[in-house]
Amino acid sequence: MSFSMKERDCIKVKLVEAIGSSAGAKGFNASSYAHEQGISVQTVYRYLRQLEAEGRLIIERRGKTNAYSLADKSYSFEFALNEITEDRVWGEFIRPLLKELPETAHVNCNYAFTEMLNNAIEHSGGSLVTITVMDNSYRVLISISDNGIGIFTKIAGAMNLAEKRYAVLELAKGKFTTDPESHTGEGIFFSSKATDSFFISSDELIFVPLNPTAADNGIDSVLRDDKRPLPQKGSTIVFTLLYNRKQTAKELFDRFTEEPEHYGFTKTIVPVRLLEYGDDSALFTSRSQAKRLLVRFERFKHIELDFDGVGEIGQGFADEVFRVFANRHPEVTLYATHCSEQVMRMINRAKGNAANGGSK
């Protein structure tokens, strides 16, 4: 069978996507892929060898089978933080490396990169930043590491938090900044949603927000690609963009804003499991835990409380969130998602008590 140049390029693009999306688990299977695509196994092997010859694919013999992995082009830069601006670094150093990145992914990458580098410039208190770009034609991975104070230490100090790990929860909510006169506190929240995987490591903690756009390219694959140890000083932000990303920046912002009454950041998703500390392991029973969760909730109009990974909650916790807070802030709508049967039962009990005008 003879293919046109356009068809040959399309086969290669689909192969790269198939190999990238099958990373881990059982990996890419040439025979199964050929059957799915309606082409011969010989054709698949021919294009696999071409990708290998072009330096885009690594083929390793493992027993009687081949293992396939995409080859990264890797670039690294170091800058003095007081000598750069985020738009200049993007325009002069990063954008030229990403000429093949499709428009939707490119726009989102531009947004996340400039927001996160600006954070390092203006908030880290560090002197140096190291930027790494890894591109394998399936996804782009970008790492931004500074040698500053550490993001969780800074947030904990600004909010007088008893534990640095609670800074992770505040980041997940959004609308937090240590410099409210100059920033809205939206950068990290929206960057984590504009990318296909995102995490921040600092102070021996890792912030991995819920990301509704992430499929199989989450933190595990990021950590496989970026094998450096967690920083002992400063902060490291790592995010990826898939070449085939579909959600545009506009769609993302629209999802977390209200129209026509409000054009600001009015909606958020809060992973309740981020309250975990020590041996408490997804067991939330007290009103004090609920109050920790509720900090700054009044700044939003709609809040989705994601109970994924939460085993159970106590009567006091549920009552504080779904009766006390709800009665005090009727302008804020709370939604509970991914609830176990026990969690849902406690929430419904609290809501029932609210409707009856009191707590039992």
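Computed quantities for the displayed model
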read-out: Extreme residue, surrounded by the most Cβ atoms within 10 Å (Cβ to Cβ), among residues of the range 64-115 that are among the small types (G, A, S) and not in a helix (DSSP H, G or I); value: S69
read-out: Filtered residues of the range 333-346 (kept if closer than 18 Å to R296 by Cα and buried (at least 17 other Cβ atoms within 10 Å of the Cβ)); value: L334, A336
read-out: Residue in the range 165-176 that is free of Cβ contacts under 8 Å to residues at least 60 places away in the same chain and either out of contact with any strand residue (DSSP E or B) (no Cβ under 7 Å at 6 or more places or on another chain) or not in a strand (DSSP E or B) (or both) present; value: yes
read-out: Looking only at the range 22-39, and only at residues there that are assigned to a loop (DSSP other than H, G, I, E, B) and hydrophobic (A, V, I, L, M, F, W, C), the one that is farthest from S137 (Cα to Cα); value: I39
read-out: Sole residue being part of a helix (DSSP H, G or I) and touching a strand residue (DSSP E or B) at 6+ places or on another chain (Cβ under 8 Å), chosen from V16, V44; value: V16
read-out: The range 116-125: number of residues that are in contact with a helix residue (DSSP H, G or I) (Cβ under 6 Å, 6 or more places away or on another chain) and surrounded by fewer than 21 Cβ atoms within 10 Å (Cβ to Cβ); value: 2
read-out: Any pair with Cβ under 8 angstrom, 6 or more apart, that starts in the range 32-45 at a residue that is within 15 Å of C10 (Cα to Cα) and ends at one that is charged (D, E, K, R) and at pLDDT 90 or above; value: Q37/K14
read-out: Unmet criterion (only one of (1) of a type outside the set (F, W, Y); (2) assigned by TED's automatic domain parsing to the domain that holds S191; (3) more than 19 Å from L141 (Cβ to Cβ)) for Q42; value: (2)
read-out: Inter-residue pairs, beta-carbon under 6 Å, first within 16 Å of S31 (Cβ to Cβ) and in the range 46-64, second surrounded by 13 or more Cβ atoms within 10 Å (Cβ to Cβ) and among the aliphatic types (A, V, I, L, M), 6+ apart; value: Y47/I11; Y47/L15
read-out: Tally, over the range 76-99, of residues that are under 20 Å from R245 (Cα atoms) and touching a residue at least 40 places away in the same chain (Cβ under 8 Å); value: 2
read-out: Selection status of V89, of a type in the set (A, V, I, L, M) and not assigned by TED's automatic domain parsing to the domain that holds N119; value: no
read-out: Flag for V238 being closer than 26 Å to H302 by Cβ, modelled with pLDDT of 80 or more and either in a loop (DSSP other than H, G, I, E, B) or hydrophobic (A, V, I, L, M, F, W, C) (or both); value: no
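The values are calculated or read from the model by the stated rules, or taken from the named source; none is laboratory data. All values reported here derive from a predicted model rather than from experimental measurement. No Cβ is skipped: glycine too gets one built from the backbone with ideal geometry, and neighbour counts run over all protein chains shown.
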